[in-house]
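One structure below.
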Amino acid sequence: MKNFTRAFILIIIATSSLSTFAQKSNEDNRISRVVYSYEKALNTHNVDSVLQLFAKDGILVLQGAPTSIGTEAVEKFYISIFKKIDFNIKFNIEEIIQMSSEWALVRTTSRLNNATDSGEGGHEIFILQKQVNGNWKIARYSGSSAK
């Protein structure tokens, strides 16, 4: 009976661990989709799609640009930047850290591939917040040139 109890406890622990791993993997996939949706929105110059990915109080901090806080400021920034830059960006997710059930950090590197680009890349940090409806949104985004 003692061996049966131990075996049963081990099975419960193993099953619980697998379930936790599957949940984390599912959340990582959902988080990754936000980053790749942002990539697509940049490459298609779609301000509305960018805004849908940011939390209402989202903050954008980019090298050489003033900080944009909130939907209106983020919208103003992207309307302006899309007139100046023809994006062809590719994000590579280096790591995803779920800091809690509602907050995640994503570290990326990126490569610009347009004709005016010297091939230099960038480094980015996304901080995502899970919304009440369960969707992840960009709460903070910071990026800089790799040079």
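Bear in mind these aren't lab numbers, they're just calculated from the coordinates by the rules spelled out. Remember, predicted model here, so these are calculated numbers, not experimental data.
Can you compute 3J(HN,Hα) from phi for each residue in the stretch 135-147, using the Karplus curve 6.51 cos²θ - 1.76 cosθ + 1.60 with θ = phi - 60°, rounded to whole Hz and x for Gly and Pro?
For the stretch 135-147, the Karplus curve yields 7, 8, 10, 6, 8, 9, 9, 9, x, 8, 5, 6, 8 Hz.
Please give the length that would be gained between residue 101 and residue 133 if that part of the chain were fully extended, namely 0.36 nm times their separation in residues minus their C-alpha to C-alpha distance (nm, one decimal).
Details: separation 32, 0.36 × 32 = 11.52 nm, distance 1.32 nm.
Length difference between fully extended and current span is 10.2 nm.
Do any of 84/147; 83/130; 40/83 go past 25 Å between their Cα atoms, and which?
On the way: 84/147 21 Å; 83/130 31 Å; 40/83 17 Å.
In this structure, 83/130 lie more than 25 Å apart at Cα.
Which aspartates and glutamates, on any chain, are close to residue 137 with Cα under 18 Å apart, when same-chain ones fewer than 8 places away are left out?
Candidates past the 8-residue exclusion: 27, 28, 39, 48, 57, 72, 75, 95, 102, 124.
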